[in-house]
Each structure stands twice: as C-alpha cells, then as structure tokens.
Amino acid sequence: MQEIMKTILYPALTALALIAAWIASIEVFNVPNYLVPEPGAVLHALKVGYIDGQYWPHFFFTLKSAVIGYVMGCGLAIVIGTMVAESRTFERFLYPYIVALQSTPKIAIAPLILVWFGFGIESKVVMVALMSFFPMFINTMVGIRQTNASMLNLMQVFSASRTHIFFNVKLPAAAGHIFAGLQISVVLGLIGAVVSEFVSSTQGLGYMIQAASVNMDVATMFACLLSLVAIGLSGTQLIRYLHRKLVFWDETHNAMGQTE
Amino acid sequence: MQEIMKTILYPALTALALIAAWIASIEVFNVPNYLVPEPGAVLHALKVGYIDGQYWPHFFFTLKSAVIGYVMGCGLAIVIGTMVAESRTFERFLYPYIVALQSTPKIAIAPLILVWFGFGIESKVVMVALMSFFPMFINTMVGIRQTNASMLNLMQVFSASRTHIFFNVKLPAAAGHIFAGLQISVVLGLIGAVVSEFVSSTQGLGYMIQAASVNMDVATMFACLLSLVAIGLSGTQLIRYLHRKLVFWDETHNAMGQTE
Amino acid sequence: MAAILDGENLSAATQSIDPGPVPSSPAASTPLLEADALSVVYKTSNGPITAMQDVSLRLGSSDFVSVVGPSGCGKSTLIKVFSGLLKPTKGSVRLGGTSVDQPRGDVGIVFQQPTLLPWKNVLDNVLVPVRALGMDVPAYKKKAMDLLRLVGLEKYASHYPNELSGGMQQRVGIARGLIHDPSLLLMDEPFSALDTMTRDHMSIELQRIWMATRKSALFITHSIPEAVFLSDRILVMSAHPGTIVREISVNLPRPRTVETLAAPEFNELCAELRALFSQLVQFN
Amino acid sequence: MAAILDGENLSAATQSIDPGPVPSSPAASTPLLEADALSVVYKTSNGPITAMQDVSLRLGSSDFVSVVGPSGCGKSTLIKVFSGLLKPTKGSVRLGGTSVDQPRGDVGIVFQQPTLLPWKNVLDNVLVPVRALGMDVPAYKKKAMDLLRLVGLEKYASHYPNELSGGMQQRVGIARGLIHDPSLLLMDEPFSALDTMTRDHMSIELQRIWMATRKSALFITHSIPEAVFLSDRILVMSAHPGTIVREISVNLPRPRTVETLAAPEFNELCAELRALFSQLVQFN
Amino acid sequence: ADMEKVSFAYPTNISLSNAPTLMAVGMGYFKEAGLDVSINFFQGSAVMLPQIAQKHVTFGWITPDPLVVSLQPKRDPLPVKMFYNGIYLSPFEIVVPADSPLQSLKDLKGKKIGVGAMSWGNVLVTETMLKDLGYTQQKDYTLVPVGVGPTAFRALQDGSIDALNLFDTFHTQMENRGAKLRRLPFEKKYRELFSSGLIAHNDTLKERPDLVVAFGKAATKGVIACNANPVACVKNFWKLYPNTKPAQGTEQEKLDDAVKVLQVRLKTMIPPEGLKEMGYYTEEAWKHYAELLHAGGQLPTADVPVQTLYTNDFVKSINDFDADAVVAAAKSKE
Ligand SMILES: Nc1ncnc2c1ncn2[C@@H]1O[C@H](COP(=O)(O)OP(=O)(O)OP(=O)(O)O)[C@@H](O)[C@H]1O
Ligand SMILES: Nc1ncnc2c1ncn2[C@@H]1O[C@H](COP(=O)(O)OP(=O)(O)OP(=O)(O)O)[C@@H](O)[C@H]1O
Ligand SMILES: [Mg+2]
Ligand SMILES: [Mg+2]
C-alpha cells in the first residue's frame, strides 16, 4: 500500500514541480508562447483532443503501428540475436550487415521503405520494427553469450538439444539483458512510429505534431508529445512489471533472503 | 592468423554477394537509378568525395559531434543509471522523467534544442548525447541491479563505501550490460548526429544526404550512407574489441577452461 | 542413525542399515570406460598449467571406483574429460567402445558445485536430465519425489534453489544425478557439504542403489573411509603433476554394512591409504 | 603430516605440530557478541520458513565457539545475522556493546561458498577486505602472501579464480577471512571442500593463529572432532525449528596437539556429541 | 455511384498553403467529377517522387527544381511530367525586423541570413540572386539553417540572424504571432519564378487524359472558389484537418490570422492573365529555372531539354468550365 502511494506520490510531486517551473519560466523569463505554450492551452488542447475525441484515431493509429512493429522487431531480434550468439559463422556473415543497416539513418532510406511497403500502415510498422530491432538484437546476443558456463555444461552432459538448452537455460539466463532491451525498444519503436509518420502519413500523433509545428501551434504539439510520453511510460512500466514478475529468481531481489 | 583471415574474408564474401545482388537487381529487374544507383556511380562519388577530398570536412564534422556527444551521453547515462539503480528515491523521482524525455521524438523537440544550444555543433552534440543516453541508462541500471548478491554481501561485511563497491563490484559485474549498451549507443548516437544535421546544418554527412536527396542524387546519398556505415562499423568493432579485452573473466569464455 | 563413515567410532552404530537386495552374482566387468594416457594442460593468464598427466584408467560396466587426492590434483578435471565437456590435450577416452568427443546422454553427473537452475524449483531441477533427454516426464515424477525423500527434501520440492541451504542444494544435485539411470555415474565430492549423519545415510543409500542397478560409478571424495566403504577400486592421485600414483583394490564382500567397518581389512586399507596420502600433501 | 582430525587413527601422527606461542593466560571472556532470542523467518515462494527460533548466544572477546548441526538447521543463517547481513525477524544482536543493524568492518568472514571476485586475481581477492576498509595495501601485501603460503597457494597468487579448483578457491576464501585481524571471525564450513590432510593442517594453523591473536571466533563445521579440537564451547543445533539444543564446554588445555586427540576426555566428548547428533538427524 | 479512386500527394506537411486546392473537396468538385481522392503528405519531394514514378500516387504537387536537376548525364529520366502550373510567383521572401536598418539586398553584405535548411530549393535562388550583386556565400554573407516556425522566429528576434529567407506563409504566420517584419524587394525575374504545380506519371498522361483533365479541372475550381471566399476556404480546410486549427486564441482571432496567411498564398496562385488561363507554363520560365540552377552549381550545363519536363496539353481542357458559376457558388458558401 505505502509502496503504491510512494510510486504514485513521488512522480506526482516532481510533476507538480515541473509544471510550476513551466509556468514560472513563462511568467518570469517571458518565454514567448510560440516556443513554449501555456499549460492552460495544452490542457485545452488535450480536452478537445481526448474528451471531444478528435485525437483518438491518431492515438490508436500510432499505438497500433508501434505495437505491431515492436512485436515483430523484438521477435526477429531475439531470433537473429540468438543465431548470431550461437554461431561464429552467422556472426561473421550477418553481424556487419546488421550494424550497417542500423547505422543508416532510417529517414535516409525512407523513400525505399515507402516504395517497397507502400505509404499505409505497413511502412510504419516496418520502420518501428527496424528501430526496435537493434537494442534487442545486441542485448539478446550479449545476454546469451554471458550465460553461466556451468549451467550450459550441465545441459550438455545430458545431450540436450540446442532448442532445449535455449529455452531452458539461455533464455532465462539472458532475461535481464532481454528485458533491458525490451525497455529500450519501447522508446525507440515509438520514435520510429512517429518519425515514419513525419515522413509520410495522414494519421497518427507524429502527423499531428508535424502539422501543428508547420502551423506554429505549440499547444497541440505539446499535447501530442504528452500523449506519446503516456504511451512510452505505460509501455516501459509494463515491461518493468513483467520483468519483476517473470524474472523472480533475479539474484539481487533474493539477496540474503528476505525475512518477514 | 586464420581467425583474422576469417573475420575479414567472410564479411568480404557477403559484401561481394550483396554487390552482385545489387547489380543484378538493377540489370534484371530494371530498378531505375533514381531509386537505387549503380555501384559505379557510387564508387565515382566516393572517389570524388574522399580522394579529391570534398567529403572529408563533412565526414569529420559528423564524426566530431558523434564522438563528443557519445562520450557525454554515455558518461551521463552511467552516472544517472547508477544513481537510479542504487536509490529507490532517485528512481521514483527521476525514472519517469527520463522515460518521458526519451519517448519524445527528438525531431519534435529539435526546435527547443536549437533555441537553447544554437545552430552550431553544440546542438548536434546535444542531440547525439540525448540519443546515446537511453540504451546506456537502461543497461547500466539493469546491469547494476543484477549484480550477484553474494559479492555485494562480501563487500558489505567489510563496510566498503558505496564508491568502493561501485568500482570494485558493481561496475565489473555490470560490464556485460554496459558494453551491450555502448554498442547500441554507437549506432543511435550516429543517427542522432545525422538527424540533427538534417534539421539544421551547413556541414556533415547528414547535410550532404539531405542536399543530395533534394536533388535526387542517389549516388551521393549512397556514398554518404556508406561513410556512415563505415563509422558505425568501426565504432561497434572497437567496442567489441574493448569488451573482449577488458571483460576477460566473462564466464562463457572460460567455460570449462581451455586446453592447449 | 549413527556416524559410521567418518570412522570415528566404528562400532557405535549397528542399527537400521538396509543395503537393499543382494544381487545373485556381480556381473562380469566388461570395460565400459577406457582412458589412455590422458594429459590436460590448461591455458591460463599465467601460462599453461598441467592439471593432469598421463592418466590411464579402465572402468568395467559395473565397477564402483573412487578417486582420492589432494586439493587441486586434477580430480574434477578427470570428471570433465570423462563427461566429454573438456577435450584432453593428449590421450583418448572411449565410452562403451566409441570415442568421447563431446557430451553424451548416457552419463549421470554430480558436479562439485550444486549447479542448480535458479528459475526451476527443486523438483524441476531434479527432472532436468529427464527433460533434456526427452524422456517421459510424468513417469519420472514419482521417482524424482522418491529421490527427494531419500535426500530428505521431499518437503522442499516446490521451493527454489536460492531458498535452500548449501547442503540442501548439494542434495538436490545428488538426486538429479541419479534420476535417469545412466550407464555411467560421475560424482565430484557429492557429500562434501553434508553433516556426518546425513553423509553416512547417503553413502549407504548410494551403495543400495548401485547394487540394485549395477551401473558404473566414478566417485570423487575427500573421505578415505567413505572411499573404502563404497568402492571396488580406489585410485590415489598426486598433484603436480596430477597423475594416478596408486590403485588399490577393495575386496570386501558386498553388501557392506557397519560390520564391514569393524573388519580388520577395512581398517588396514584405510591406514594404508592414509599413510600414502600423508606423503602426497606437503606444506612448508 | 598425517590425518589427525578426521579421527580415524588418532595416534598415527605425532610429528610437526607447531601451535604457536602459548599466551601467558587466557584473557577474561568479556562478552563481545550477545544475541538474544533470535528468530529468523524467511519469506519464500511457498510460504514462510522458520530457519531459526529463539537462539540466544554469548561470545567472549577471545572465545572460540563451534556450531554443529544437521544440514539446513540454520547455521549459515546464524552467520548472516551476526555479520549484520540479515535482520532477524525477532530478537537482537549486540557486538561490542552496540546493536548490529548493518554490516560493520570489524568482522572477518569465510562464506560457505568461496565468493571470489572473478575479475581480481588471487592476491587481490585476499586483499579485498584491506582495500574495502581503506587500510594500507602495501603493508598487507606481505601478510597476504604469507597467508597464501599457509593455504598452499603462493604459486597461484596471480591466477584468476576460474583457474582454480574448488578446494583452492575455498582456501583463497580462508586467507581472505584472516587478512585484516577482525575482532570477530565468522567461518561457515571453511574446510568442507578440502582433503583430509589439508584440513588437518588448516585446523592446526587456525588454532595457532587464534592463540596468537586471541580474537573471538564462531566456527561452523560438519566434523565433530574438528569442532572439539578447536573450540572452547560447542553449540549443537537441531533443525525444524533451528535452535540450540545443547551447549558443551571443552575444557581441554591449549595448545591442543595430537596428544590431545588421544586424551580420553577428547574421545568422550566426541562420542557424546555423536550420540546427540544421531538423534537429531532422522531419515525415513 | 462508381467513383474512381485517385491518390494525391503533397511533398510537405499539411499547412494552410494547401487550402486553395483542397477547397475542391469542400465544394464537392472532385465528387462531381467522379473522383474519390485520398490525400497524402510526404516529407520532401525526394520521398514523394519515387511514389509517383512507381504509380503508387496518381497526382502530386511539387516544385520544379528536383525535376530540372534530374536532367543530368547518366541519370535515368524520371517518367513524370508537370502538367499544371500551380504557383506563378515565387513564394520565397527575404524579411528583416521592421526596425532593421537593412533596406535592400545590397545591405546584406557581411550579414547572416536564415534559411529553412541548406537543402531547400530556394537556397540556390538566393545564392544566385546575391551573386548578381557580386556577393558569394561564406565570404560576403553567411547562410544559417534555422528551421521553420519557432526557431526561425526566435533566431531573428534575438539577433542570431539578420534576415530570414523562408516561404511567404511562414512569415505571415510570424506576423500573426506578433512579429514586425519588413520584406526586402526582389528583382522581378526572381519574383516571377514559378513554383509548385501538378505532376503525374507519363503513362497516366498518355493513357488517361480524361482523368488528368477531370482532376485538374476540379483542383482549379477549388482555387477559384477559395479566392472568392477565403473564409469558407479556411473553414473547409479546418473541417478536413481539424488538428491544424490552432489551439491558442479566440475563434475570431484564429480565423482572421488564417485568412491573412491564405491570402498571401492566393496572390501567388492566380495567374496575371486571369482566371481563364490557369496552369500554363512558358518555356522561358523553365529555361530561366535551369539557368539559375546552373549558376548555382547544381547543373553542369544550362542547356537541358526542359521541354521534356512539362506539358501544356491539358491546360485548355482543364480551363474549360464556367468560372463565374464557381465564384457565385463559393460566395454563397458558409
Ligand atoms: N578452468 C580452469 N582453467 C585453468 N586452470 C584450471 C581450470 N580448472 C582447474 N585448473 C587447474 O587445474 C588443476 C586441477 O584442478 P581440478 O579442479 O581438477 O582439481 P581437483 O582435484 O578437483 O581439486 P579440488 O579437490 O580442490 O576440487 C589446478 O591446479 C587448477 O588450478
Ligand atoms: N535465502 C533464503 N530464502 C529462503 N529460505 C532460506 C534462505 N536461506 C536459507 N533458507 C532456509 O533456512 C533454513 C536454514 O538454512 P541455512 O542456510 O541457515 O542452513 P545451514 O545450517 O547453513 O545448512 P547447511 O549445513 O546445509 O549449509 C533452510 O531450511 C533453508 O531452506
Ligand atoms: Mg574438484
Ligand atoms: Mg550453511
């Protein structure tokens, strides 16, 4: 109970402090409202957007492409990360190209993505998948490589199949790395969705931000940014929750044992 | 020796295969050269760029902002990641805001960054730092949290100071996570540099790509993308090399011991 | 049950030993494991360490052989090589006639460290070999529970490893080594973290199980009476370089009981081994 | 050196025991450690486990006390509580007059698992307490090398832990526990992974060091003769619930030598403890 | 009943500048012509052009410079043509704060000029324009990429730049936000540089002239209607894109501001020849464009076959409607 109170209360306190700073900066430093909107204007935009309902389709569009792309990108990253971790040959053949693909700014290859996947939701999903991929890939690879050798030896003595070892030892052993990757990818995937909406879209929060920015409508921009933040926070919190629940054996939690 | 041969030979083989596929796709499928340039044109652009020397200032500009921003972002991430991992209070106050900041697409806050840091290299450095920050932050935090509890207990019995424990136990224990984060951040930092050059710059590979893309000069675009890939690959290879050298105790490497 | 095998008071306990059914006649010892001129040189940060030199060994298909030797003489290395986890620098190992290049499923193993999977509970840890070998899990569940009862942990079946004491973890490791009836059982100091009484109990149970199944067993221990009590043969290793300096046959009749412990042959063997041993360990 | 403390042949070895200088008179035992009515209940996935119940204990400033008891009875838990790493569910611990709420630097500890830092070599692992406590490292380097010689690992000073055998790792842990002259030394089965001979050697060395420094020591062991040989008092614990069922004083004169082992009092004490023990461990 | 699906794209993000053409939606002109038009926005012509070349997009709105620049040796010609001149006058301006001492382009010597990004098409024009005065970039003046909107505004206000070179509509938006700006006069030939227009794939132009005319006609009617009733045009636009309606300010302020911006754009869309001649290209204008790009260093030669880039074949049919009726209908629209 108290724990929950704290988890809600503390961020709320910081939030209040931030809002106070926001108002103060506008009042005291005279920051013009074409740069930073007044909280009231943002609140109004949020009201119009979510109570009158105008933002919902955009919100869901972004959410949908982000979620589908995230699942695809992370899934693929776990598979390929495992392959690369398991085989030196795969590593030699694939690794440089994965780094190469990821070092290329996605915006620069956006025209190709649009040509291949069309300018519907598909290209957004692909962009999200591309963005989510890399952190998951590296973390999976490093995590699997770090699996405790004695546990692997144990399984090897029993001639366990690679798949069996993967699911019973490597995956749980790499869980810490994998969940860290999942957290990073939430945020990157979201950015991927928004950036791809910048490049081409008639829907989504990214499109809204871009349109608002062209029209110098900072209040709407902030309202949409806040929506993105809400998605990002919920996503990472969900991952953290799953991490705590699923990786219950995590050593630090059980330290010396907990007494009642 | 043979190892080195393989590390060079295999990627070279794949590279040849890719170039063959590239030429074939142009010849066989008639992919027009405003979409994908001919390898010859890219080679020519590279020659003009690096032998005649026109790209070098751009190359170094991007490299400079990427390196400075990367070092700053990663350094800060390790410090803040440690603070959040060590203290529940810090976590409550800081964590949501870090996720919030990171969920906001950098392009959307680019105007604010420009206003605060100017149009020079500073704003690019800040963007790189912002992009590199998050993977390092999460990986550091998770890595430190996962430190083997018995080792911590050992140090606690001797009333070791927090700093001492950090440098002697937590940092080495989190090394796997930290190096994974460093690898991811290389790539993200690079993208940060390029994207910030897209938004506002008179120099850098990102500016070159943007300018070339307006003119539909795909050969130059590809040449610059290849330059980025070269930076990205060198960076990640360097990190991987350091990882192998510094984290020599990594369990998997010493598995059952290596015989001669 | 009294302390038997720490040998401190050999006549103290005579009650409640049930070494299991006596087999009609011991099976003929056909060579199951053959090791020829094994040497292991480890690469280390400070140059090579010769852990084992020129070790040859033959194990019949129903032999119980113990290895004793000072700390660091290469006993665990021997187990790693036999299980196929470590390639010897020189020499060859053949198991059931074919060369051991990599781990094979028909070996049971108890590591020196318990090596439990922290994300599986005690029962599932015991069932690890069954699952890994693709055997029928429900059929082995009962056996796993029996083994847990044997090692005194039936109440802890659904606990996780980090909720157990050191000795309890080691006992889970022992149960796991016995679950799948392998043709060769390799045990690396399985009883080291156990108290005297539990240790005695486990020795007698181990003998019972072995006599019932008559599989090959290689047993590493630091306790001389334990080695004599359980083995057909005892190999004594020296350190630097790790090599077998003596092989002693134990011809005491089976099943061995507390009476065996009082037998003069038993004590003679122990004394002989102890004398040998004291020459091997030198401190300045 | 012969096998002394496994008690198998108590008269076998009489040579080369140097228990160190005999202190003029044992210091008066002022209470250094006071534990009152300690209970520890662990939270686990399957409900609470009572690891320890109502344990009270007093340790003078130069007492050597051993704890024996069956596996899982709460011995390690006792060490965790005394070192300040675990808060007892009930009861209180006072060390040198002040309450133990968290770990304090004046305790030396040998864990049941070796717990070495894989990124430090053997010498640096031994020096961990020295560095952690901010003591003068160069001054302690020689002592660390002496301790490594004592445990037979001087040649391995610059090796890394994963290049050592199980017993060698445990010996590094022992050296680390002794490096910084703490006022209280807690040892959790420090000799369990060692062979008989090394074990005897270590016991005698431990007595020598203790007599020279006269610090308080709490020693957990599975070997009854070892406990009797080393201790002023022996606490016998039972399991379920873990509690002290008997306290036995050992009034044998110090320094104890191989002659001590042949003394009738010594054997009587061992027999008494063994009898007690056999009632504590039950298997079905 | 059976509507033909047509996709139409802009290479920029949606803004009020698009309102005139999109008035065709509000007036129902597309529907009348049997067209079901979907509207897309892309980030840059480099992203949009391949879509048209691949026929994923039927019609696009684009500036001529990427097409002219594509006429280089060894480059595959793009299979597209512009068929309708949408903006006759250059929408680019150079503005200074109203109280600035700078009066003409000549005064820009040694000054910092803000541009959206170095990659913007008008940068070339600006450089050429200043070259006429004998100034070269870096030596005599500096270009600073400042983005659009808030950052550009800020840069001009705090003096990090002395002049700003963006679209007319951006400048008007700033003025709506309270900025006091003054436009520096341009030479006529730069002012009369045409800009965006409609583009389509060569196949579409060849195989579906009916479709091209129907679309062009509806779009033209939209511009005329918007010009006749800018208030309705703004309202139509906001109805189509409610998110572009500013969040700050009162209803009337928002409308007034928007109409001001819109009128700036409309001025550049109505040809000097009058409403009957909408969409014509002249070869001189295209040649002039090529010369400029050559002068700016973007083209190796100014002698390029610009006539392959555009066609006037459809303009006559497109203009074949009753403009007065459109004006009347627009005036009566709410
Ligand atoms: N992974 C390894 N890398 C390098 N050297 C090793 C490794 N494992 C063991 N050694 C060395 O090999 C020798 C034999 O080790 P081993 O573990 O086989 O001894 P052991 O007989 O099992 O000892 P103990 O009774 O202490 O467990 C030791 O000197 C040790 O330092
Ligand atoms: N971290 C923990 N979490 C939950 N329960 C624990 C934990 N550590 C120990 N226990 C339980 O507490 C009891 C006592 O454990 P402890 O480790 O103190 O035993 P021990 O006397 O040291 O045994 P051993 O001789 O086997 O090392 C056991 O029943 C064990 O299951
Ligand atoms: Mg060993
Ligand atoms: Mg214990």
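The values are calculated or read from the model by the stated rules, or taken from the named source; none is laboratory data. Source: prediction; values computed, not measured. No Cβ is skipped: glycine too gets one built from the backbone with ideal geometry, and neighbour counts run over all protein chains shown.
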Counting only residues in the range C:162-193 that are facing another protein chain (nearest Cβ under 9 Å) and within 16 Å of ligand 1 (Cβ to nearest atom), the one farthest from the chain's Cα centre (by Cα) is identified as C:G166
Against the definition (modelled with pLDDT of 90 or more and either more than 19 Å from C:K75 (Cβ to Cβ) or under 18 Å from the mean Cα position of the chain (by Cα) (or both)), how does C:D101 come out, yes or no? no
Picked from the range B:92-132 (must be among the basic types (K, R) and more than 21 Å from A:T62 (Cα to Cα)), the residue farthest from the other protein chains (Cβ to nearest Cβ) is B:K124
Self-check item: Yes/no for D:P118 being surrounded by fewer than 20 Cβ atoms within 10 Å (Cβ to Cβ), within 13 Å of chain B (Cβ to nearest Cβ) and farther than 28 Å from D:Q207 by Cβ
Solution: yes
message: Regarding the range E:288-299, can at least one residue be identified that is free of Cβ contacts under 8 Å to residues at least 60 places away in the same chain and not in a loop (DSSP other than H, G, I, E, B)?
response: yes
Counting only residues in the range C:126-140 that are more than 10 Å from chain A (Cβ to nearest Cβ) and not in a loop (DSSP other than H, G, I, E, B), the one surrounded by the most Cβ atoms within 10 Å (Cβ to Cβ) is identified as C:V126
D:S278 vs (1) over 23 Å from D:A144 (Cβ atoms); (2) in contact with a strand residue (DSSP E or B) (Cβ under 9 Å, 6 or more places away or on another chain); (3) within 13 Å of chain C (Cβ to nearest Cβ); (4) more than 16 Å from ligand 3 (Cβ to nearest atom): all pass except (2)
Here the residues within the range C:188-209 that are within 18 Å of C:S71 (Cβ to Cβ) and away from ligand 4 (no atom under 15 Å from the Cβ) are C:D188, C:E189, C:P190
Within the bounds of the range D:12-30, is there any residue that is modelled with pLDDT of 90 or more, within 14 Å of chain C (Cβ to nearest Cβ) and surrounded by fewer than 20 Cβ atoms within 10 Å (Cβ to Cβ)?
no
Among D:L95, D:L59, the single one that is more than 16 Å from ligand 1 (Cβ to nearest atom), within 23 Å of B:L152 (Cβ to Cβ), touching a residue at least 24 places away in the same chain (Cβ under 8 Å) and away from chain C (no Cβ under 14 Å) is D:L95
Reported set for the range E:75-105 where residues are closer than 27 Å to E:N312 by Cα and assigned to a loop (DSSP other than H, G, I, E, B) is E:R75, E:D76, E:P77, E:L78, E:P79, E:G86, E:I87, E:Y88, E:L89, E:S90, E:P91
E:K260: passes all of (1) surrounded by fewer than 22 Cβ atoms within 10 Å (Cβ to Cβ); (2) modelled with pLDDT under 90; (3) within 14 Å of chain A (Cβ to nearest Cβ) but (2)
- Message: Suppose the filter is within 11 Å of chain C (Cβ to nearest Cβ), buried (at least 19 other Cβ atoms within 10 Å of the Cβ) and of a type outside the set (F, W, Y); does D:A51 pass it?
- Response: yes
A careful count of residues in the range E:62-74 that are facing chain B (nearest Cβ under 10 Å) and part of a loop (DSSP other than H, G, I, E, B) gives 4
From the option list D:L86, D:L78, single residue qualifying as away from ligand 1 (no atom under 16 Å from the Cβ), in a loop (DSSP other than H, G, I, E, B) and out of contact with any strand residue (DSSP E or B) (no Cβ under 6 Å at 6 or more places or on another chain) is D:L86
When the range A:199-217 is checked residue by residue, the ones that are within 7 Å of another protein chain (Cβ to nearest Cβ), among the hydrophobic types (A, V, I, L, M, F, W, C) and in contact (Cβ under 8 Å) with a residue 24 or more places away in the chain are A:V199, A:M208, A:M216
The number of residues in the range A:199-228 that are within 18 Å of A:P57 (Cα to Cα), hydroxyl-bearing (S, T, Y) and more than 20 Å from the chain's Cα centre (by Cα) is 4
field: Hey, C:P182 surrounded by 24 or more Cβ atoms within 10 Å (Cβ to Cβ) and away from ligand 4 (no atom under 16 Å from the Cβ) or not
entry: no
Just checking, does the range D:176-190 include any residue being within 16 Å of ligand 2 (Cβ to nearest atom) and within 28 Å of B:F248 (Cα to Cα)? no
Over the range C:68-84, the set of residues of a type in the set (G, A, S) and within 9 Å of ligand 3 (Cβ to nearest atom) is C:S71, C:G72, C:G74, C:S76
Residue check, B:I51 over 26 Å from A:L112 (Cα atoms), of a type in the set (A, V, I, L, M, F, W, C) and not assigned by TED's automatic domain parsing to the domain that holds B:S132: no
C:L230 passes all but one of the listed conditions (1) within 14 Å of chain D (Cβ to nearest Cβ); (2) under 14 Å from the mean Cα position of the chain (by Cα); the exception is number (1)
Exactly one of D:I109, D:I79 is within 13 Å of ligand 2 (Cβ to nearest atom), closer than 30 Å to D:L280 by Cα and of a type outside the set (F, W, Y), and that one is D:I79
The number of residues in the range D:250-282 that are surrounded by fewer than 14 Cβ atoms within 10 Å (Cβ to Cβ) and closer than 26 Å to C:D200 by Cα is 6
When (1) closer than 16 Å to E:H294 by Cα; (2) touching a His at 6+ places or on another chain (Cβ under 9 Å) are applied to E:L164, the one that fails is (1)
Restricting the range C:146-161 to residues that are facing chain D (nearest Cβ under 7 Å) and within 16 Å of ligand 4 (Cβ to nearest atom), the one nearest to C:G134 (Cα to Cα) turns out to be C:H159
So the helices (runs of 4 or more DSSP H) completely within the range B:72-163 holding 1 or more residues that are under 30 Å from B:F198 (Cα atoms) are B:88-103, B:106-117, B:121-145
